[in-house]
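Below: the structure, in structure tokens.
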Amino acid sequence: MDRIIFHVDLDCFFAAVEILDHPEYKGFPVITGADPKKGKGRGVVSTCSYEAREFGLHSGMPISKAYHLCPHGIYVRANFGRIKEISTQVMNILNKYSPVFQQVGSDEAYLDMSEIAKDMKQALEIANNIKDEIQSEVGITCSIGVAFTKSLAKIGSDCNKPNGITLITPENYKVILSPLKITRIPGIGKKSKIYYEKHGFQLIGDFFKIPKHKMIAKFGDRGRWIHNLINGNEERKVHDSSYIYHRKSISKERTFYEDTDDYQEIIAKITDLNDKIHDILEKRGILYRTISLKVRFKGFETFLRSKSFNSAIRNQKKALEVVLDLYQEFYSKKKKIRLIGLKFSNLKESSKSNQKKILDFIKQF
DNA sequence: TCTGGGGTCCTAGGACCC
DNA sequence: TCTGGGGTCCTAGGACCC
């Protein structure tokens with residue numbers, strides 16, 4: 001029996017939240033992201049409304065370029081407090097429709113509807129209800145992909161944007177996928193696109209022409225993965241509510257307003273990032289075993305250096321010592337630095353925080 | 001055009017152990 | 001004397017996603 005999976009994707013979510021809070025922005029190009037500073041700003045577009053896309057803008061585009069293409073746009077910094085609030089409202093609605101639910105980021109979720117919808121016709125009705133409820137209760141639109149695997153549902157939610165529903169079934173998947181560019185496959189990005197195009201593959205349909213054994217002979221494990229994904233041969237489950245997510249790392253990085261070789265400024269930034277991360281680690285009762293320093297030079301050349309301890313610790317002073325030690329290698333290069341970043345990984349919950357969790361749990365009874 | 005910040009996952013080489 | 005094979009850990013780099 002085929003499964004029924006929904007992928008719900010909120011339409012240009014960050015910009016939609018701005019428009020919700022400022023109805024007068026509706027119908028105009030709204031861009032969230034870095035401060036464009038009259039075309040001299042650093043950073044990128046985070047999300048933009050469909051009106052802004054008319055000017056060629058898209059997420060990830062340098063904000064300076066966006067400003068040149070669309071100088072009269074409404075440029076705002078993302079309001080993360082409101083984004084979190086609205087996101088929670090939407091996720092609570094979605095979770096009502098199925099207990100087998102998985103949120104991805106602030107604006108996406110998967111629902112396993114296999115036990116709830118008896119066929120595709122009913123699934124389509126439910127998808128419509130979800131869309132209507134989010135629209136009337138929250139005031140924003142979403143797009144939904146309905147399919148028999150997670151990856152196909154995700155591809156589906158992108159097919160009819162904004163505010164659309166796409167049904168992908170074992171009967172129609174080849175017809176729907178064939179004309180799509182290969183980058184619509186989640187996991188194939190810029191680099192893979194160039195690689196596969198060199199081998200003559202531009203559309204997903206080009207992959208359908210090659211039998212599985214030839215895909216494997218040509219591209220190895222990647223070939224097997226692509227073949228399985230586009231043919232709906234995939235078992236990945238939608239995590240249910242009992243699934244406990246353990247984050248694997250916690251990091252902070254900052255791009256300087258201007259590239260710098262000022263030792264004091266760089267040390268001050270490293271110290272600041274270290275302090276901020278330790279605040280979070282302390283609040284959440286997290287220990288780490290590995291510390292990494294990221295350095296990006298002028299021109300975007302990027303390096304990572306890391307050091308691991310034998311056992312998990314949380315020691316702000318020691319961490320700073322280690323990071324400054326890792327930094328020495330780069331200081332001697334005498335090159336201007338664009339970005340500095342710190343990452344803590346191999347995380348472990350401190351026994352104290354575990355004890356607290358157990359106590360909280362017992363208190364319920 | 002000139003590239004944010006927060007993450008995850010994968011690969012590959014070298015050290016080390018049995 | 002001229003070099004096995006398997007496993008695990010650490011480090012560095014990179015692709016990709018939201």
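The values are calculated or read from the model by the stated rules, or taken from the named source; none is laboratory data. The structure displayed is predicted, hence computed values, not measured ones. As a convention, Cβ positions derive from the backbone with ideal geometry for all residues, glycine included, and neighbour counts pool all protein chains shown. The accessibility values were calculated without ligands, DNA or RNA, using every heavy atom of the protein model including side chains. Shrake-Rupley method; radii C 1.70, N 1.55, O 1.52, S 1.80 Å.
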**10 Å beta-carbon shell around A:Ser251, net charge (K/R +1, D/E -1)** = +2
**Request:** With a probe of 1.4 Å, find how much accessible area chain A has per residue, and write the answer as a whole number in Å².
**Result:** 56
**Complete:** Ranked output for segments A:136-147, A:9-20, A:257-268 by mean other Cβ atoms within 10 Å, highest leading, reads A:9-20, A:136-147, A:257-268
**Summed side-chain charge close to A:Ile216 - residues other than A:Ile216 whose Cβ falls under 12 Å, Lys, Arg +1, Asp, Glu -1** = +4
**Fill in**
Per the 1/(1 + (r/R0)^6) rule, R0 = 35 Å and r from the Cβ atoms of A:Lys283 and A:Tyr50, FRET efficiency to 0.05 is 0.35
**Complete:** With +1 on the Cβ of every Lys and Arg and -1 on the Cβ of every Asp and Glu, the dipole magnitude of the stretch A:14-80 about its Cα centre, in debye rounded to the nearest 20, is 380
**Request:** Take the alpha carbon atoms of the stretch A:204-224, find their center, do the same for the stretch A:292-312, and report the distance between the two centers in whole angstrom.
**Result:** 36
**Message:** Please list, by residue number, everything in the stretch A:229-244 whose backbone N is under 17 Å from a paramagnetic label point 7 Å out along Cα→Cβ of A:Val104.
**Reply:** A:229-241
**Prompt:** Sorting A:Thr32, A:Thr271, A:Thr255 by accessible area (1.4 Å probe), largest first, what list results?
**Reply:** A:Thr255, A:Thr271, A:Thr32
**Message:** With a 1.4 Å probe and all protein chains kept in place, how much accessible area does A:Asp325 have, in Å² rounded to the nearest 10?
**Reply:** 110
**Message:** Report, in listed order, any pair from A:Lys294/A:Lys336; A:Lys96/A:Lys237; A:Lys65/A:Lys190; A:Lys96/A:Lys276; A:Lys198/A:Lys343 with a Cα-Cα distance greater than 26 Å.
**Reply:** A:Lys96/A:Lys276; A:Lys198/A:Lys343
**Message:** Let's test the formula: R0 of 22 Å, r as the Cβ-Cβ distance of A:Arg247 and A:Thr290. What FRET efficiency results, to the nearest 0.05?
**Reply:** 0.95
**Solvent-accessible area, 1.4 Å probe, carbon plus sulfur percent, for chain A** = 51
**Cα lying deepest toward the dipole's positive end in the stretch A:107-249, options A:Ile210, A:Tyr245, A:Pro179, charges on Cβ** = A:Ile210
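With an 8 Å cut-off on Cα pairs and a minimum separation of 6 or more residues, tell me the relative contact order of the stretch A:153-274 in percent.
Dividing the mean separation by the residue count of the stretch A:153-274 yields 16 percent.
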**Item:** Test item: Cα-centred dipole of chain A, Lys/Arg +1 and Asp/Glu -1 on Cβ, debye
**Value:** 1720
**Item:** Added length on full extension, which subtracts the Cα-Cα distance from 0.36 nm per residue, A:Lys336 to A:Thr271
**Value:** 21.5 nm
**Item:** Probe 1.4 Å - accessible area at A:Ser242, Å² to nearest ten
**Value:** 90
**Relative contact order [Cα under 8 Å, 6+ residues apart], chain A, whole percent** = 14
**Complete:** For the A:Glu321, A:His58 Cβ pair and Förster radius 56 Å, calculated FRET efficiency rounded to 0.05 is 0.85
**Message:** Could you compute the net charge surrounding A:Lys37? Neighbours are other residues with a C-beta less than 15 Å from the C-beta of A:Lys37; K and R count +1, D and E count -1.
**Reply:** +3
**Prompt:** Going by average Cβ neighbours within 10 Å, how do the peptides A:120-127, A:162-169 rank, with the highest at the top?
**Reply:** A:162-169, A:120-127
